[in-house]
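What follows is one structure encoded as structure tokens, with my remarks underneath.
The values are calculated or read from the model by the stated rules, or taken from the named source; none is laboratory data. Everything numeric in this text was worked out from a predicted model, so none of it was measured. Quick reminder, even Gly has a Cβ in these numbers, built from the backbone with ideal geometry, and neighbours come from all protein chains shown.
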């Protein structure tokens, strides 16, 4: 599949300043920015910054960022699923994963996540993909939000819906291990019935498929 990356940008005026929501952003551009120290949900901030630069270089990789001036305060990543995950089964070239979404603590509750998801879906090529996200409660920042797992789940699902994501059932053992976990997906308009059937096969495959 030929992956095209059409750049989109919007401005979000907030009490914390005007925030640029944009992408997909190329590595050469990312390298000119700084990365907020609060973006540490997955690994140390500078390590995560390098990771998103590497994703931006992938043929299918897409990085959407939120920045104030030249400082990144939020990002989302889109790429093929990890080869060790069930979602990479059969190497479906039309299946992408929203691998991470993170916003710096002081800029939360400003609609940044919703806007990053919306900007990501402006590109017409997303209609050629099934885009999934796996939500696990152990990745959630319950401490800083004060929410319990089910309140946080409701918040995440509402935000993901801004990007056209809907909840899909699955027998994946990690997702079924806790009722707060869930699989969400957006089915592109040009996805065929055969492609949906292949996705359904992965959602309900035997856990020992390797």
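How about region 15-43: which of its residues are out of contact with any helix residue (DSSP H, G or I) (no Cβ under 8 Å at 6 or more places or on another chain) and either at pLDDT 95 or above or within 30 Å of residue 2 (Cβ to Cβ) (or both)?
First, the residues of region 15-43 that are out of contact with any helix residue (DSSP H, G or I) (no Cβ under 8 Å at 6 or more places or on another chain): 15, 17-18, 20, 28-29, 32-34.
Those that are out of contact with any helix residue (DSSP H, G or I) (no Cβ under 8 Å at 6 or more places or on another chain) and either at pLDDT 95 or above or within 30 Å of residue 2 (Cβ to Cβ) (or both): 18, 20, 28, 29, 32, 33, 34.
Within region 53-68, the set of residues being outside any helix (DSSP H, G or I) and buried (at least 21 other Cβ atoms within 10 Å of the Cβ) comprises 61, 62, 63, 64, 65, 66.
Strands (runs of 3 or more DSSP E) fully within region 92-185 that include at least 2 residues being closer than 16 Å to residue 63 by Cα: 95-103, 130-135.
Within region 162-175, restricting attention to residues that are under 19 Å from residue 99 (Cα atoms) and surrounded by fewer than 15 Cβ atoms within 10 Å (Cβ to Cβ), the residue that is modelled with the lowest pLDDT is 173. Determine, yes or no, whether residue 30 is within 18 Å of the chain's Cα centre (by Cα) and in contact (Cβ under 8 Å) with a residue 60 or more places away in the chain. Taking the combined requirement at face value, the residue does not satisfy it.
Of the set (1) touching a strand residue (DSSP E or B) at 6+ places or on another chain (Cβ under 9 Å); (2) at pLDDT below 95; (3) loosely packed, with under 15 Cβ neighbours inside 10 Å, all apply to residue 9 but (2).
Residue 152 fulfils the conditions (1) buried (at least 16 other Cβ atoms within 10 Å of the Cβ); (2) more than 21 Å from residue 178 (Cα to Cα); (3) in contact with a helix residue (DSSP H, G or I) (Cβ under 8 Å, 6 or more places away or on another chain); (4) free of Cβ contacts under 8 Å to residues at least 40 places away in the same chain except for a single criterion, (2). Put simply, of 191, 196 the only residue that is in contact with a strand residue (DSSP E or B) (Cβ under 7 Å, 6 or more places away or on another chain), in a helix (DSSP H, G or I) and farther than 30 Å from residue 105 by Cβ is 196.
Return yes when residue 159 is modelled with pLDDT under 95, under 21 Å from residue 98 (Cβ atoms) and either surrounded by 15 or more Cβ atoms within 10 Å (Cβ to Cβ) or touching a strand residue (DSSP E or B) at 6+ places or on another chain (Cβ under 9 Å) (or both) and no when it is not. It is true that residue 159 is modelled with pLDDT under 95, under 21 Å from residue 98 (Cβ atoms) and either surrounded by 15 or more Cβ atoms within 10 Å (Cβ to Cβ) or touching a strand residue (DSSP E or B) at 6+ places or on another chain (Cβ under 9 Å) (or both).
Residue selection: residue 82 satisfies the criterion of being over 23 Å from residue 110 (Cα atoms), free of Cβ contacts under 8 Å to residues at least 24 places away in the same chain, outside any helix (DSSP H, G or I) and within 16 Å of the chain's Cα centre (by Cα).
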